[in-house]
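A short worksheet on the structure shown next.
The values are calculated or read from the model by the stated rules, or taken from the named source; none is laboratory data. Bear in mind that the values here come from a model prediction, so they are computed numbers and not experimental data. Cβ sites come from the backbone with ideal geometry, for glycine too, and all protein chains shown count toward neighbours.
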Amino acid sequence: MALHSFELDPVSLSIDLSVGHIVDLKIKDGDRILSPLHRAPWVDEPAAEFPDGTAPNVKRLSGDFFCAPFGRNDAEEGPSHGWPANSAWDHIETIRQDDRITVIFRLQRHVMGASVEKRITLVTGHPFVYQEHRFTGGAGGVSAAHHVMVHMADGGEIAFSPKQGAQTPPEALETDPERGRSILAYPAETEDLQAFPLADGGTADLTVYPLAEGHEDFLTLIEAPGRALGWTVASRKAEQDRIIVLKRPDSLPVTMLWMSNGGRDYAPWSGRHTGVLGIEDARASPLGHADSCRENDLSRRGIPTAFALSTGQTITVRQVIGACASGSDESCVGDVRAEESALMLLFKDGGSRSLGYDPDFLAG
């Protein structure tokens with residue numbers, strides 16, 4: 001595995017250049033070192049076995065990766081989640097400034113004829129990773145998403161920026177009981193995130209994770225209109241920290257949740273991939289590349305599901321991942337706001353916490 005590692009206090013990270021995944025992320029908060037992101041147990045097993053056709057993004061499943069397209073790759077030849085999540089990147093340049101470092105990578109392959117560049121910026125004193133992906137040139141449409149994965153040893157609470165509602169796709173992730181289990185109703189939809197329909201007729205609270213033991217589920221949250229900042233905060237119980245994922249809703253108007261909690265019995269999952277929550281901010285249909293580029297359930301509601309590529313044009317997708325320790329005196333997160341030089345976590349009991357943050361990154 002070829003790694004490219006860099007750091008700037010309080011953040012250090014490593015990129016697996018063979019697939020472009022963030023394989024390790026550490027964020028210092030006082031005397032603590034937080035590890036916000038998940039790494040699949042088989043990644044470090046030399047003898048791990050995989051079924052024929054297993055995509056590299058599954059074999060190297062780590063942290064966060066950029067999908068283009070998201071999910072099923074059925075518009076041009078390529079693996080699930082596209083070449084950015086499955087093939088090699090080159091380190092192009094490292095730019096150092098007074099208070100920040102920006103590291104630039106380029107995908108060795110093209111996506112729909114477009115070149116793809118990854119820029120990761122760290123800022124002194126900020127507990128955040130600022131990520132930017134650029135498509136230059138190309139033709140046609142492409143969906144895109146970040147695939148952030150968080151592991152919770154003993155569950156936790158999930159807070160979201162306001163959503164129009166949540167919906168599951170037509171079919172569950174696991175339909176064969178000999179291979180795995182899903183517990184949500186498919187298809188289903190609700191505006192109440194604390195009462196999503198279950199297959200057995202009950203409801204599930206999406207603000208608490210996990211929903212149950214031994215399940216594999218997937219759904220899409222649709223951003224409410226009129227907000228400049230979209231956010232998800234996963235407050236982990238055992239780890240006593242908060243994982244923060246930020247986006248621009250006009251760029252990435254949906255957040256897809258992948259709940260992987262021991263619901264797959266076949267290799268390499270083998271019932272051991274537990275307590276994992278994927279927070280996947282996207283401009284995409286959950287049904288794949290081709291569906292994202294034609295009229296679909298989301299686009300009929302005015303929600304864009306693909307970027308339009310063209311010669312001489314550059315499209316930029318930005319996202320932010322961060323973390324902080326959680327205090328014993330802090331209540332649940334009620335809101336997140338960007339201010340002049342800080343990100344404010346506002347708690348439901350009226351308290352707050354300020355974190356060093358560059359609001360211009362997502363505003364630009």
- Item | Search result, residues across the stretch 290-347 that are of a type in the set (Val, Ile, Thr) and closer than 17 Å to GLY71 by Cα | THR305
- Task: Show the residue pairs that are 6+ apart or on different chains and have beta-carbon atoms under 7 Å apart, the first residue being within the stretch 13-34 and among the small types (Gly, Ala, Ser), the second being part of a loop (DSSP other than H, G, I, E, B) and at pLDDT below 95.
- Result: SER18/MET1; SER18/ALA2
- Message: List the strands (runs of 3 or more DSSP E) inside the stretch 270-348, counting only whole elements, that have at least 2 residues being over 17 Å from the mean Cα position of the chain (by Cα).
- Response: 307-325, 333-338, 342-347
- Hits in the stretch 86-108 - residues which are farther than 14 Å from ALA2 by Cβ, without any contact (Cβ under 8 Å) to a residue 40 or more places away in the chain and not in a strand (DSSP E or B): GLN97, ASP98, ASP99
- Item | SER62 closer than 30 Å to ALA139 by Cβ and among the polar types (S, T, N, Q) | no
- Tell me which of these SER352 doesn't satisfy, since it passes every other one: (1) hydroxyl-bearing (Ser, Thr, Tyr); (2) modelled with pLDDT of 95 or more; (3) over 19 Å from ASP9 (Cα atoms). (2)
- Members of the stretch 134-161 found to be buried (at least 23 other Cβ atoms within 10 Å of the Cβ) and under 16 Å from THR316 (Cβ atoms), listed by number: PHE135, VAL142, SER143, ALA144, ALA145, HIS146
- Item | Selection within the stretch 300-311 - over 23 Å from THR232 (Cα atoms) and of a type outside the set (A, V, I, L, M, F, W, C) | ARG300, SER310, THR311
- Message: Out of everything in the stretch 317-348 that is touching a Lys or Arg at 6+ places or on another chain (Cβ under 6 Å) and hydrophobic (A, V, I, L, M, F, W, C), what residue ends up being farthest from ILE158 (Cα to Cα)?
- Response: MET344
- Collect the residues in the stretch 171-191 that are touching a residue at least 24 places away in the same chain (Cβ under 8 Å) and not aliphatic (A, V, I, L, M), keeping them in residue-number order. GLU174, GLU178, ARG179, GLY180, ARG181, SER182, GLU189, THR190, GLU191
- Message: Looking at the stretch 55-67, can you tell me whether even one residue there is over 24 Å from MET152 (Cβ atoms), surrounded by 24 or more Cβ atoms within 10 Å (Cβ to Cβ) and of a type outside the set (Asp, Glu)?
- Response: no
- Message: Residues that are in a loop (DSSP other than H, G, I, E, B), out of contact with any Phe, Trp or Tyr (no Cβ under 7 Å at 6 or more places or on another chain) and surrounded by fewer than 17 Cβ atoms within 10 Å (Cβ to Cβ): does the stretch 162-170 have at least one?
- Response: yes
